[in-house]
Every structure is written in structure tokens, then in C-alpha cells.
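The values are calculated or read from the model by the stated rules, or taken from the named source; none is laboratory data. Keep in mind the model is a prediction, meaning the values are calculated, not measured. Cβ sites come from the backbone with ideal geometry, for glycine too, and all protein chains shown count toward neighbours. When the accessible area is computed, the model is the full protein with side chains, heavy atoms only, and any ligands, DNA or RNA have been set aside. Shrake-Rupley method; radii C 1.70, N 1.55, O 1.52, S 1.80 Å.
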Amino acid sequence: MKFERSKQLFEEAKKYLVGGVNSPVRAFKSVGGEPIFIKKGKGSRIWDEDNNEYIDYVLSWGPLILGHANEQIVNAIKQISNFGTSFGAPTELEIEMAKAVVDAVKSVEMVRFVSSGTEATMSAIRLARGYTKRKKIIKFDGCYHGHGDSLLVSAGSGVATLGIPGTPGIPEELASLTIVLPYNNIDAVKEAFEKYGEDIACVIIEPVAGNMGVVAPSKEYHQELREITKKYGALLIWDEVMTGFRLAYGGAQELYGIEPDITTFGKVIGGGLPVGAYGGKREIMEYVAPVGPVYQAGTLSGNPLAMAAGLKQLQILKEKNPYPSLDEKGKILEDGINSLIQKYDIKARVNRVGSMITLFFTDKDVVDFETAKSSDTELFGRFFRKMLQLGVYLPPSQFEAAFLSDAHSKEDINETLNKIEEAFRYLKK
Ligand SMILES: *Cc1c(COP(=O)(O)O)cnc(C)c1O
């Protein structure tokens, strides 16, 4: 495989775009090598500018649960764009889209659409603070909730450690309001509430983590988190930007049977166009302007093209119910990788929930960010680059989830397993 044109484009891109990209992970920094430039996609496949073909497990980082260039979604966008692209005024499509979300997700009675997952979580935190009139928030180490200031904080895994900024540009005064706790550890949460309970506005969590690689907590953990937040009058925010409409039509909350106070969405909900959303019980959502005092607005919020793409994707998902088949294909992939791990004696673990899967190069069970970080990232980099050469496009980081789509066939999975076997043989040489 040759990457000449991608190389040329990357050199050109770096002159005008910071690092040649518009989102850092795309630069391939943590896996070595240089990014490939994508020309087109169809179904489970993408092609780069050198006309190399790949089976794609990134799927635009999750949105494309029906695969690339789904005909019905593309047609919905084409059709609606004939009538104009944006009005900044109410449209009927927004009601339909809101009804689809309310109908799908039990805990959501009202919703506000925004244009990204970051915007959704940022707004949800503001709403939680406005509603409870409290300042502190709890987030978990290794969970990513977009790049809003209050959420870009990591303080290691110390119990109830007050936050320090994870990046320059975030004032310590703000970061100190974010308490970072280890994921999957209910005692840490109890301790934090005993100490700061009356000041905690909300707990925000990825109900199944995808942004440290896939890590799934137990049902009991989520039940205890629900109870303790209720007890202290703090809101529970489930960030379902990744899991919403992916793990089940009703999101992770359908799987776990938990009702959070606020839920955030993005990715799948937009059908490949920029859509985010936050929603919850009417009583809480009516704290948002124009009904309530918490301000939040957006020039392109509820954009007709984005609503049309998202609504079409949700309609197809509801009608087709691809979730059992996604899980089945996920299991074939998981089982296949596990037997290859045994056969080639690779130090690795597979974590999977439905169509989200991560191969960690560690011999520890991965239950939180600490254990995820025990992975051999150098080995992952070599594996990633080999798989790219073999025509399989994986997320370019050890700490990300790979995704399956409805367009991935069992043949795709088998082909992928053959290539993983080839890559494992290469790693063992
Ligand atoms: C991707 C992601 C976000 C951020 O969404 P953007 O659309 O990239 O701003 C927030 N939370 C979770 C759980 C995500 O996976």
C-alpha cells in the first residue's frame, strides 16, 4: 500500500491548519506515522486519496451506525436542501426529531438541540448548576465529555482530589470546582459526597465508557450512583453522546434500566451531520431559556439538514432494530480476537458492549483509566500501523472504541479477523 498523495496533502495541510487537522486525534500522533486523507465512503468501506480501500471501524467516531453514504440519509439531505439550508426560525422537522428522541428515551420528556456533543454536555452542566444553585461537579478519570472548560480536567485517580486543569487556558479557579474520581469505584463517590455533598450540582458519566477505550460498569454501580445523587439532591447526567442510539435504541439507559436526570446526545443522533442534544424531565428542562433563566442558544441549532439526516437515521434504526445483529457481529469479532490472543500468546484483553469494542494490549482486566493505562501503547501503535497496511482502519489510539455498523457484514468481520491474525504474527516476529 502506498500513501503518496496522503503524504503530500498532509504537508500542504500543515501549512494552513494547526497540525494539519481540525481535531487532534486525527493527526495519528499516538500511533506514529501520518494520517491518511479520505476521499469517499460506502457502507463498511472507505477509500483514501491514493485509492486504498479499508474496512472502517472508526465510522466518523461513532455517528455512522448505518455505514457510510446510506442512501436514504443522503436522499433526505438532498431533498430538504432544495428548500434552503438554514432559517434560524422554528421548523416542523425539529418537532418530529424531538418526538423521536422523547419516544426513544424513557427519562427524556423535553429536549434542546445543539450542534455538537461538546455543546450538549457544556449546556447540561450549566443547567445542572443553574437548577441546583451549586457549583461543584463530579466527573470520572478517563471519561471524555467534550472540551468544555469544566470538563477538561484530570487529576489522576486520587479520591476526591480537587481538579487541576488538564490544559493551559482553563483557570484553576474553574478547574477546582471539578472533582475527578476513579471510574467504577462507588466508595470514591460516597467519600466525595460525604465531604462536599451540599455543594455538588451534578455527577456526569459515560454510562459505558468509550473514551478510555471500552469499559462497562456493573448494574449495581449505576444503581448506587443513582441513589447517592438522589440522596444529596445532585443531578445525575448520563453523557450518551457515544452510547445513545448505539447500544440500544433507548441508549445505555435502556440496557441498565436507570433514569438519569439529564441525558446528552450527539454522534448517532445526527446521522453524520453536526447534531447534539440534551434532555430530561420537563421540570428540569424548563429551567432553560426562554422558559427559564439558564441561557443557551445557537444560530444553527436544529438546522434543517442536520435534523433531516438525524431523523432519517433514527427512523431507520427504529424500524430495522439492528441492535441484536450488531451485538451478534460484535460477539463474533470479540470471540475471534480472543482465540487469536490465545493462539499467538499476546498480552491483550478485549472489552466490548454491543457494537463498541476495544483491544487493550495489557494482561490486566481493564476496569478504569488506571488499568487502561497499563496498556503497551507502543505495541498498539505497531498493531495499528500493520492493520492500516492490511486495509483495516482502526481508531488511531489505544484509548478509543472501535465501532461496528449495520453495513458491516459477517464477511467483513471474518476478513478483519484474518488480518488481525496476520498482524499478530507480525508482532510476534
Ligand atoms: C464524542 C463525545 C463528546 C463530544 O462530542 P463532540 O461532538 O465531539 O463535541 C462528548 N461526550 C462523549 C461521551 C463523546 O463520546
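Values for this structure:
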| item | result |
| --- | --- |
| Every residue from the range 109-133 that is open to solvent by less than 10 Å² (accessible area, probe 1.4 Å) and within 17 Å of Gly310 (Cα to Cα) | Val114, Ala120 |
| Strands (runs of 3 or more DSSP E) within the range 1-59 that include 2 or more residues within 16 Å of the ligand (Cβ to nearest atom) and closer than 22 Å to Ser397 by Cβ | none |
| Residue among Thr362, Thr358, Thr299, Thr377 that alone is at pLDDT below 95 and not aromatic (Phe, Trp, Tyr) | Thr377 |
| Close pairs (6 angstrom Cβ cut-off, 6 or more residues apart or separate chains): within 12 Å of Met285 (Cβ to Cβ) in the range 111-132, open to solvent by 20 Å² or more (accessible area, probe 1.4 Å) and of a type outside the set (Ser, Thr, Tyr) anywhere | Val111/Ala98 |
| Candidates Glu94, Glu53, Glu34 - the one that is over 27 Å from Asn211 (Cα atoms) and open to solvent by 30 Å² or more (accessible area, probe 1.4 Å) | Glu94 |
| Lone unmet requirement of (1) over 24 Å from Arg382 (Cβ atoms); (2) part of a helix (DSSP H, G or I); (3) open to solvent by 40 Å² or more (accessible area, probe 1.4 Å) for Ile73 | (3) |
| Selection count where residues are within 19 Å of Ala201 (Cα to Cα) and within 12 Å of the ligand (Cβ to nearest atom), scope the range 249-287 | 3 |
| Unique residue being open to solvent by 20 Å² or more (accessible area, probe 1.4 Å) and within 19 Å of Ala277 (Cβ to Cβ) when the list is Tyr232, Tyr249 | Tyr249 |
| Matching residues in the range 234-248 - criterion: being over 18 Å from Ile179 (Cβ atoms), away from the ligand (no atom under 11 Å from the Cβ) and not in a loop (DSSP other than H, G, I, E, B) | Ala248 |
| Residue pairs meeting the criteria (Cβ under 9 Å; at least 6 apart or on separate chains; first touching a residue at least 60 places away in the same chain (Cβ under 8 Å) and of a type in the set (Gly, Ala, Ser), in the range 264-283; second within 11 Å of the ligand (Cβ to nearest atom) and open to solvent by 50 Å² or more (accessible area, probe 1.4 Å)) | Gly266/Pro274; Gly272/Ser60; Gly276/Lys267 |
| Residue selected from the range 391-407 under the condition modelled with pLDDT of 95 or more and aromatic (Phe, Trp, Tyr), by the criterion least open to solvent (accessible area, probe 1.4 Å) | Phe403 |
